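Asker: Pasting a structure below so you can have a look.
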Amino acid sequence: MGQLRSVIAGVGAYLPPGVMTNDDLAKIVDTSDEWIVERTGIRQRHRADPGVATSDLAVEAANKALAAAGKTAADVDLIIVATTTPDLTFPATAAIVQRKLGAPIGIAFDVQAVCSGFVYALSVADGFMAAGRSQCALVIGAEEMTKLMDWSDRGTCVLFGDGAGAVVLVPQEGEGTTDDAGLLGFALRCDGTKQDLLYVDGGPSTDGQVGKLRMQGNQVFRHAVVNIAEAVTAAAADAKVAVSDVDWFIPHQANLRILNGVANRLGIDEAKVVTTVDRHANTSAASIPLALAEAVEDGRIQRGQLLLLEAMGGGLTWGACVIRY
Ligand code: ACO
């Protein structure tokens, strides 16, 4: 039976030019390149300048994705921005992106699921496409995590970076089989009882402040591999594919030890895992589309291949998504 699929027509990414190395951080907090590399795999992160907003990074990534898809802003009828670092409390960063792109009046809103935001946003966009309510969607993950840091907390400030990635989705009639191009399956999860492990300690309705990121890193780590592995298995089952059928795993880039731990638990060849955490650090909702764009642009990911995206972050939220590119 035929089925309307959401197909990735183009991808794009943008990193702000400023780079902060581990040695730069060692001048601010009591840490070392050796400790950060050994515990996380991170060697550097990009950092947006003051005055450059999340929407600015999002627009750069969106324009590249539109060009790759052979589309223009005039074609876009749906914009979803996954972000935990919006320009303003409101309007949504997606509305600001629409204005800056010069896209026509349409649907635009943000999704807030922290590091899992891009996977959540893809699922939401897929719903619009499947219902015939969008002919051209921009799904963007964009973050300026460095602006949420407590720069005196060495347990968090060494882990995060800034950047944006975007995909253009278009609807395409499929056969309803696993050979179809497009989004094939999802698993999305949230366990709100684990809030204290990872959160930002401010907000408009509590203290009226933006707040700073707080994390019990070793506790988050304990949940990460188990939760992500469960979601990967569930998303593969939802898509009716085997994990071993997947050509490329594009994980949220939080920590190299988590990436390798998930691969080992599921028997995935580490050569199939796209890794950018060494250069980008953790860019929250932006990390998956940044990694996806890199592997598409350098030719590793080819049309027709099966991709698996996965993430875990604040909430706790976690999830995975299977896509035939
Ligand atoms: N440099 C040097 N020492 C440090 C640093 C640092 N940057 N940070 C912490 N330490 C010290 C600690 O103070 C502690 O010292 P102590 O033993 O004297 O008390 C020691 O290192 C061990 O600390 P742990 O927190 O137990 O170290 P761990 O091996 O767990 O590594 C890390 C910490 C890297 C944060 C790891 O736990 C991790 O990656 N956790 C998961 C993070 C994650 O996936 N987050 C989810 C996504 S983020 C989001 O959703 C926004």
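Asker: Is it the case, given these coordinates, that ALA48 is in contact (Cβ under 8 Å) with a residue 40 or more places away in the chain, under 20 Å from ALA286 (Cβ atoms) and more than 17 Å from the chain's Cα centre (by Cα)? Spell out how you get there, then give the answer.
Answerer: Values: in contact (Cβ under 8 Å) with a residue 40 or more places away in the chain: yes; under 20 Å from ALA286 (Cβ atoms): yes; more than 17 Å from the chain's Cα centre (by Cα): yes.
Yes.
Asker: If you don't mind, there's one more thing I want to ask. Which count do you get for residues in region 251-274 that are free of Cβ contacts under 8 Å to residues at least 60 places away in the same chain and outside any helix (DSSP H, G or I)?
Answerer: Total satisfying the criteria: 6.
Asker: Something else: Which of the residues belonging to region 202-222 are more than 13 Å from the ligand (Cβ to nearest atom) and under 22 Å from the mean Cα position of the chain (by Cα)? Walk me through how you get there before you give the answer.
Answerer: First, the residues of region 202-222 that are more than 13 Å from the ligand (Cβ to nearest atom): 202-210.
Within region 202-222, just VAL210 meets the criteria.
Asker: Looking at ILE28, ILE42, ILE36, ILE79, can you tell me which residue is within 20 Å of VAL119 (Cα to Cα) and either in the same structural domain as SER116 (by TED's automatic domain parsing) or of a type in the set (Val, Ile, Thr) (or both)? Before the answer, list the steps.
Answerer: Details: ILE28 fails: within 20 Å of VAL119 (Cα to Cα); ILE42 fails: within 20 Å of VAL119 (Cα to Cα); ILE36 fails: within 20 Å of VAL119 (Cα to Cα).
Just a single option satisfies the conditions, and that option is ILE79.
Asker: Then there's this: When you go through GLY165, GLY132, GLY176 one by one, which is the residue that is part of a strand (DSSP E or B) and either at positive phi or in contact with a Gly (Cβ under 6 Å, 6 or more places away or on another chain) (or both)? Outline the logic, then answer.
Answerer: On the way: GLY132 fails: part of a strand (DSSP E or B); GLY176 fails: part of a strand (DSSP E or B).
It is GLY165.
Asker: What residue, among those in region 282-323 that are touching a helix residue (DSSP H, G or I) at 6+ places or on another chain (Cβ under 8 Å) and part of a loop (DSSP other than H, G, I, E, B), is nearest to the ligand (Cβ to nearest atom)?
Answerer: GLY314
Asker: Kindly evaluate ALA142 against the criterion of being crowded, with 21+ Cβ neighbours inside 10 Å and part of a strand (DSSP E or B).
Answerer: Working: crowded, with 21+ Cβ neighbours inside 10 Å: yes; part of a strand (DSSP E or B): yes.
Criteria met by ALA142.
Asker: Condition check: basic (Lys, Arg) and either under 17 Å from THR54 (Cβ atoms) or free of Cβ contacts under 8 Å to residues at least 60 places away in the same chain (or both). Does ARG189 satisfy that?
Answerer: Numbers: basic (Lys, Arg): yes; either under 17 Å from THR54 (Cβ atoms) or free of Cβ contacts under 8 Å to residues at least 60 places away in the same chain (or both): no.
No; evaluated as a whole, the condition is false for this residue.
Asker: Looking at (1) surrounded by 14 or more Cβ atoms within 10 Å (Cβ to Cβ); (2) over 23 Å from HIS280 (Cβ atoms); (3) not hydroxyl-bearing (Ser, Thr, Tyr), which one does LEU148 not meet, given that it meets all the others?
Answerer: Looking at each condition in turn, LEU148 falls short on (2).
Asker: Let me ask another. Within the set of pairs 6+ apart or on separate chains, which have a first residue in region 139-160 that is more than 8 Å from the ligand (Cβ to nearest atom), a second that is charged (D, E, K, R), and C-beta atoms under 6 Å apart?
Answerer: What qualifies is GLU144/ASP162; THR146/ARG47; THR146/ASP162; ASP150/LYS212.
Asker: Let me ask something additional. Please specify each residue of region 2-23 satisfying the condition of being within 13 Å of the ligand (Cβ to nearest atom) and charged (D, E, K, R).
Answerer: ASP23
The values are calculated or read from the model by the stated rules, or taken from the named source; none is laboratory data. Values in this document were obtained by computation on a predicted structure and should not be read as measured data. Glycine gets a Cβ as well: all are built from the backbone with ideal geometry, and neighbour counts include every protein chain shown.
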